[in-house]
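Please read the structure below before turning to the comments.
Laboratory data are not the source of any read-out in this text; all were calculated from the coordinates shown. Worth saying up front: this structure is predicted, and the values here are computed from it rather than measured. When we count neighbours, we look across all protein chains shown, and the Cβ atoms used for this are built from the backbone with ideal geometry, even at glycine.
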Amino acid sequence: MKQLTILGNWKANKTVAEAREWISAFLELSPTIPPYVSVVLCPSFIHLSLFLEVSLPISLGLQDVSAYPSGAYTGEVSSTMVSGSASYVLIGHSERRTNLHETDAVVIEKVHRCQDSHIRPVVCVSALDQVNALATFIPSFGETGMILYEPPSAIGSGKPALPEEVNEMAKSIKERMSGISVLYGGSVTPENVLPFYQSDLIDGIGVGGASLSVDSFFGLIQKASSL
Ligand code: PGA
């Protein structure tokens, strides 16, 4: 059985009270997570301490990190500040590339900060030129990083990309980066996830909307158990 990663991204959702409810519901189900499934959850910075207080069999990720080191950068959260708390960081999500004009150069700086702090970067891409930029400036990226392929038209639209198209992209990414793990994200639900799990080229999934309720997030884990 191949190792599958299921990465949830809460985006800008959930109050502290709502996050607490999610954690207690998830805690009850968590003993049934199969050993070949790695669950990574990326809540907001404000929820991080709640997750650190409980013992869940999941890895914690963040949705972003500063391109700067610790110091006089008001409002930023540096990789050094979160090292030891978070194991993964999402970098260059298409919502940040579009809304906050995050460029490949900024993405590459953020990957360097993660590497300095021994945090695994998960770089979100929607096109091969973004992969090429990463491979050119950080040729060793595949050794420690992951790629989350998310076509913007599939994100939050209810219309996932076709598995054949994702396979094609995953193949091209793997040809450019040795050792890389490639996840797919964009409107993944327990109902449509199977072809992505079954592909030899796809190493897991990234989910936004379906990570917000424990029922749907756990539904994705259960589908992996049935493989
Ligand atoms: P979605 O989001 O699952 O809500 O489509 C995916 C993502 O942006 O990571």
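Once each part is reduced to its C-alpha centroid, what is the distance from the stretch 166-227 to the stretch 33-97 in angstrom?
20
Along the positive direction of the dipole of the chain (beta-carbon charges: Lys, Arg +1; Asp, Glu -1; about the Cα centre), which of Leu212, Ile147, Val82 reaches farthest?
Most positive-ward Cα: Val82.
Once label points are set 7 Å from the Cα along Cα→Cβ at both Ala72 and Thr189, what is their separation, rounded to one decimal in nm?
5.1
What list of ³J(HN,Hα) values in whole Hz, one per residue of the stretch 30-43 in order, does the Karplus curve 6.51 cos²θ - 1.76 cosθ + 1.60 (θ = phi - 60°) give from phi, with Gly and Pro shown as x?
Computed from phi, the couplings for the stretch 30-43 are 4, x, 8, 6, x, x, 8, 10, 9, 9, 10, 10, 10, x Hz.
What residue among His101, His112, His47 shows peak mean-square fluctuation when the chain is described by a Gaussian network model with Cα springs under 10 Å?
Top of the fluctuation ranking is His101.
Can you tell me how much longer the chain between Ser87 and Gln198 gets when fully stretched, taken as 0.36 nm per residue apart minus their C-alpha distance, in nm with one decimal? Don't skip to the answer; put the middle values down first.
Working: separation 111, 0.36 × 111 = 39.96 nm, distance 2.62 nm.
Result for the pair: 37.3 nm of gain on full extension.
Give the Kirkwood hydrodynamic radius (Å, one decimal) of the chain, defined as one over the mean of 1/r across all pairs of different Cα atoms.
On the way: mean 1/r = 0.0568 Å⁻¹.
The answer is 17.6 Å.
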